[in-house]
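Notes to accompany the following structure.
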Amino acid sequence: MANKKKGSLSINSENIFPIIKKWLYSDHDIFVREVVSNACDAVTKLRKLALIGEYEEAEDTKYRIDVIASPKDKTLTFIDNGIGMTADEVNEYINQIAFSGASDFLEKYKDKATDDQIIGHFGLGFYSTFMVADKVTINTLSYKEDAEPVFWECDGGTDYTMSKGDRDVHGTEITLYLNEDSYEFANEYRVKEVLEKYCSFMPEEIFFTNADEAKEEKTDVVDSTASEVKEGEETTDAETTEEPKEKPINDTHPLWTKHPNDCTEEEYKEFYRKTFLDFKEPLFWIHLNMDYPFNLKGILYFPKLNTEYDTLEGKIKLYNNQVFIADNIKEVIPEFLLLLKGVIDCPDLPLNVSRSALQNDGFVKKISDYITKKVADKLSGMCKTDRENYEKYWDDLSPFIKFGCLKDDKFEDKMKDFILYKNIDGKYLTLSDYLEAGKEKYENTVFYTDNEQTQSQYINMFREQGIDAVVLDHNIDNPFITHQEAKHEGVHFARIDSDITNTFKEEVSEDELKETTEKLSETFKKALDNDKLEVKVEKLKNASISSMITLPEETRRMQDMMKIYAMGGMDPNLFGGDSLTLVLNANNNLVQYILNNPDGDKTNMVCEQLYDLALLAHAPLKPEAMTKFVARSNEILGLITQ
């Protein structure tokens, strides 16, 4: 190129350039991904041309991408030794905004280059540099024989200059002269952070250099060597120029690109630790490897989940040809799978211009459905062939699977026969197993406990009568059991303290207990100063049980839902507070004492104690009530020594 050329960028839409500079990308650091992606494209293109015989590369060719920061000069430079550009190509790909060089290349070589590893599909990525730079220069030399180097410069307006460059090796060098608001991107640690975020797995080796430190080190080496050379001695080039071996900042062959048969257990765990900085071992993982009808690879890890549903959070990183796109893209990853950790790489994703969101089309839905199917297949297969481990993992898997069933009908259809329930003896059963075992004692009723500690009295009653119950103590269980009741007609879930079933009672007529109920009700209401207290008297088979609290299942569920959603700041205990029922056992000695001594000196104290004991087995006492309970307990113990 003999003469300098000036011109205006060809922009199809009026005033689009300022929009590109400021609003094209929501994250300003994304320019690093765009420029490095373009550099990867340039190298990949040249590799392909060599592969199909369109270019003869030197035997010692080592392709690479260099990122060089200069805090002193406030510049950031990207260099590749890829395909490069001619003046005509610069004019076509750079000066005409929104023309996609990658698309053009693929179209030209579509019959010869079948493996699409070209990243850039938009033609706008380069211009993301103007979000952070006042001026950008390109120094490029095409691989083509007799090509002339080209130098391009633009200060962020629509005007540019082109002239003959000085590059003598094929490839492209892009320098960003950072604006005042973006000096951070000349800082070594900031640049490395962004490179790690977007470029950790790009398919070509990437090297980082701090230009200022490199100059200082080179000067120090020269000065040191000069001072050590004695008069009359010579030093070899090897002695003065030896440098430490460079190490790329990225892994060009990440684990997900390999075949599952070629990956070891330790490699999977190491990749998990390194990628997610999680040093708790994952439970297990799924390696996705699909070529048809779309290309998708990835690894999904099942982490050991936290016990509280609202603290569950995973991270699934989405890649496009090893280029990081974003975390947790819900169009691709079903919502319930976002509890997992993993990577998904799909070159076929229909990305939008900023690559940070997806076009909402049927193809994306197919990808989402495929991932859901693979996860369900893995879990159901484990239950069928490795039940022991499936049960071992169940407590951690349970919230995830239940959330999936609530959110995704297809997932539930595949998993419905593989949902387990842990019973009060620690054994794992399916719903059908549980119902079949108890069809004579509790037909179509699933008894459960959500707190084995506070409800231990009820659990013991169930054990004594040979009635099983399951443990449902996670926050997600409340909506899940309602969902299960809707799915299984006639099946009802009831917490073990929701009512006293006939199994626990002696057979007596209502009339027989009517008078006793009236007397005890009057005494307890007076002692507790609670006219609204509901009292029910039963003759329980276990005489050691004095009192219990029951709460209708529907009322309790409403209270739990209010706790979860904290509706209007209302105290959830206020709703349905009057629905508590105090159940007294007429076969118990303490209850008989109250019945026979309604006006006794100790009657009020015993009534209060029995009521608090019943509450404690139902839920924790409030601080003031607990203080009184402890003082009263000490007083009762003191009576023994009198």
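The values are calculated or read from the model by the stated rules, or taken from the named source; none is laboratory data. Please read all numbers here as calculations on a predicted model, not as lab measurements. Neighbour counts run over all protein chains shown; Cβ positions are idealised from the backbone, glycine included. Each accessible area value is taken on the protein alone, full model and side chains, heavy atoms only, with ligands, DNA and RNA left out. Shrake-Rupley method; radii C 1.70, N 1.55, O 1.52, S 1.80 Å.
Please give every one of the aspartates and glutamates within straight-line cross-link reach of Lys374, meaning a C-alpha to C-alpha distance under 18 Å, and leave out same-chain neighbours fewer than 8 residues apart.
Straight-distance partners of Lys374: Asp291, Glu331, Glu335, Asp345, Asp386, Asp408, Asp409, Glu412, Asp413, Asp417.
Among all the lysines, which ones have a C-alpha under 17 Å from Lys525's C-alpha, if same-chain residues fewer than 8 places away are not counted?
Lys514, Lys536, Lys602
Might you work out the accessible area of Cys154 for me, using a 1.4 Å probe with all protein chains in place, and round it to the nearest 10 Å²?
Surface accessible to solvent at Cys154 totals approximately 0 Å².
For the cross-link pairs Lys365/Lys410; Lys304/Lys392; Lys48/Lys164; Lys258/Lys384, which exceed 18 Å when the distance is taken from alpha carbon to alpha carbon?
Cα-Cα > 18 Å for Lys48/Lys164; Lys258/Lys384; rest within.
So who's got an amide H within less than 5 Å of the one on Ala326, skipping anything under 5 residues away but keeping other chains? H placed 1.01 Å off N, in plane.
Leu318
Tell me, in nm to one decimal, what length is gained between Thr264 and Gln453 on full extension, where the rule is 0.36 nm per residue of separation less the Cα-Cα distance?
On the way: separation 189, 0.36 × 189 = 68.04 nm, distance 4.21 nm.
Stretched fully, the Thr264-Gln453 segment lengthens by 63.8 nm.
Could you check how much of the accessible area of segment 377-509 is carbon and sulfur, as a whole percent, using a 1.4 Å probe?
C and S fraction of accessible area: 40 percent.
Quick one: what Rg and Dmax do you get for segment 440-561 from the alpha carbons, in Å?
Rg and Dmax of segment 440-561, Cα atoms, are 16.1, 46 Å.
Need the C-alpha centroid separation for segment 437-453 versus segment 460-495, integer Å.
With segment 437-453 and segment 460-495 each reduced to a Cα centre, they are spaced 6 Å.
Once the dipole of segment 392-508 is set up with Lys and Arg at +1 and Asp and Glu at -1 on Cβ about the Cα centre, which of Phe480, Leu435, Thr449 lies farthest towards its positive end?
Looking along the dipole axis, the top candidate is Phe480.
How would you rank 603-615, 419-431, highest first, on the average number of other Cβ atoms within 10 Å across their residues?
Packing order, densest peptide first, comes out as 603-615, 419-431.
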